[in-house]
Amino acid sequence: MTMASHTETKVYSVDEITTHIKNLLEKDVNLQNVFVKGEVSNFRNSDSGHIYFSLKDETSIIECAMFRRANRSLEFIPENGIKIILKGSVDLYKPRGKYQLIVEELHLTGDGELYLKFLKLKSKLEKEGLFKESHKKLLPKYPKSIGIVTSPQGAVVHDIIKVVKRRYSHVRIVIYPSLVQGDKAKYDLVRGIEVLNNLNFEVIILARGGGSFEEIWPFNEEIVARAIYNSKAPVVSAIGHETDFTIADFVADKRAPTPSVAAEIIVPDEKEILKEIIHLEKRLYKQTQQIFEIKKQTIWHLMSRPIIKKPWTVINTYKQKLDEETNQLRQATTVWIKAITEELKGMNGRLNALSPYAVLDRGYSITMKKEKIISDIKDINIGDDIYTIIKSGKIKSEVQSKNGE
């Protein structure tokens, strides 16, 4: 709805005005998810499970409503006169035309201030990337050593050891004794993580039992968060009860809702491993038998072939075939040589017929001068030495005279 200017004559209904104001409040980001501190008064707990109260300070008061969905996780029942810090959004209750705070979280003043500090640090570390899944380290599947940073007294350490030994006895456990509450606890926790890393433990458990928000505060300290982040070994957080969340839980590589569950997460169950081994052994035996049977059938098939059953029969067959092919090759070679011989004889006869020396057999002679046949009277002069070749030899003569031109 757009409000009309003062120059227009417009009459609004009460619902239109109220709806417009409600929309303005809901759209204002400065009035959504705000933290407000004050004193509780006029507290009322309805049969429906919703709670209503007023929050006041020295000068102002505002009505608050916390519906059953949000107040189920409350760790205390609000009372008139107590100081609190709440988180909520400003809204308008149209049936009465009154604005109010719809409350999502409620904390006592002491815890409330710590909670604001918790949220501030959580936001800072989240922006730096300390909570990213990409940085989380994988837990070893079969760890050989586990380091536990916790108090040596109490049920926590005994629960962890008991579960680990019951599930997986092949592991070394070392406890680094540490304070788990109070101002000095954070330094103990950091030192414990560093020492266990230097000793090359494969995985580290950071643990303590349940407690108030203030009691588990050391696990919300920034130096503890950075020690977890910088740890070479994966860190499993097991702090408080299932509903408790600390900064350490967000940074840790794995969060366990309780210390006992942490032990179950880290070590496998030997009984399950044995079952898996037996299962794999059966599978391996079955597959081996199948492979053996296939190979066996292959061998039997090969053994049934003639080359295996009667090798000499096959060899003799190939020998006979070789002899036949050798004879064929020899015959073909003889025919080829004979044909070539006849062809050479024919060529030799034709060459002899064309040879000038062939006429010698018929009683003719050849006269030469210096290895050159004399075919013209002009080729010789008086006094030249000439040679006459006849069938039976060579005659040397000297030209004394010549007739003809």
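Computed over neighbours whose Cβ is under 13 Å from that of Ala233, the net charge equals +2, Lys and Arg +1, Asp and Glu -1. Working note: Karplus 6.51/-1.76/1.60 with θ = phi - 60° gives the stretch 394-399 the couplings 9, 10, 9, 9, 10, 6 Hz, where Gly and Pro are set to x. In this rough spin-label picture, where each label sits 7 Å from Cα along the Cβ direction, the Asn381-Lys232 distance is 11.6 nm.
Span-like helix criteria (full DSSP H runs; alpha carbon extent of at least 24 Å along the helix axis; mean Kyte-Doolittle hydropathy of at least -1.0) are satisfied in the chain by 109-128, 270-303, 311-354. Taking amide H as placed 1.01 Å from N in the peptide plane, the amide H of Tyr176 sits under 5 Å from that of Ile148, Val149, Thr150, each at least 5 places away or on another chain.
State the answer as a single residue: which of Thr298, Ser145, Asn71 lies farthest towards the positive end of the charge dipole of the chain, with beta carbon charges of +1 for Lys and Arg and -1 for Asp and Glu, about the Cα centre. Going by the charge dipole, the pick is Thr298. Close Lys pairs in the stretch 1-94 (alpha-carbon distance under 30 Å; sequence gap of 8 or more, or different chains): 21. Lys/Arg Cβ at +1, Asp/Glu Cβ at -1, dipole of the stretch 309-350 taken about the Cα centre: which of Asn316, Thr341, Gln331 is farthest positive-ward? So the residue we want is Asn316. Largest GNM mean-square fluctuation among Asn197, Asn71, Asn316, using the chain with Cα springs under 10 Å: Asn316. With R₀ set to 45 Å, the beta-carbon distance separating Ser392 from Ala332 gives a calculated FRET efficiency near 0.50. Between amide H atoms placed 1.01 Å from N, distances below 5 Å from Glu105 occur with Lys87, all of them 5 or more places distant or on a separate chain. Its Cα centre serving as origin, the chain has a Cβ charge dipole (Lys and Arg +1, Asp and Glu -1) of approximately 2560 debye. Comparing Glu264, Glu343, Glu281 in a Gaussian network model of the chain (Cα springs below 10 Å), the most mobile by mean-square fluctuation is Glu343. In a fully extended conformation the segment linking Arg283 and Glu222 would gain 16.8 nm over its present Cα-Cα distance, using 0.36 nm per residue.
The charge dipole of the stretch 14-118, taken about its Cα centre with unit charges on the Cβ of Lys, Arg, Asp and Glu (plus for the first two, minus for the last two), comes to roughly 180 debye. Per-residue 3J(HN,Hα) values for the stretch 44-50, derived from phi via the Karplus relation 6.51 cos²θ - 1.76 cosθ + 1.60 with θ = phi - 60°, read 9, 10, 7, 5, 6, x, 7 Hz in sequence order (x marks Gly and Pro). The separation of the stretch 155-179 from the stretch 197-268, counted between C-alpha centres, amounts to 14 Å. Rounded to the nearest 0.05, the FRET efficiency derived from the C-beta distance between Tyr318 and Lys296 at R0 = 30 Å is 0.50. Think of the chain as having a plus end and a minus end, set by charges on the Cβ of Lys, Arg, Asp and Glu; of Val29, Ile193, Thr109, Ile193 sits farthest toward the positive end of this dipole. Across the chain, the convex hull enclosing all Cα atoms gives 648 Å³ per residue. Between Thr150, Thr388, Thr258, the residue with the greatest mean-square fluctuation in the GNM of the chain (Cα pairs under 10 Å linked by springs) is Thr388. The Cβ shell under 11 Å around Ile382 holds other residues with a net charge of -1, Lys and Arg each +1, Asp and Glu each -1.
The dipole here belongs to the stretch 145-268: it is taken about the Cα centre, uses +1 on the Cβ of Lys and Arg and -1 on the Cβ of Asp and Glu, and is about 540 debye. Taking amide H as placed 1.01 Å from N in the peptide plane, Ile82 has its amide H under 5 Å from the amide H of Val40, each at least 5 places away in sequence or on another chain.
Any read-out appearing in this document is the output of simple, stated calculations on the displayed coordinates, not a laboratory observation. Nothing here was measured: the structure is a model prediction, and the numbers come from that model. Here the Cβ is made from the backbone with ideal geometry for all residues, glycine too, and neighbour counts use every protein chain on show.
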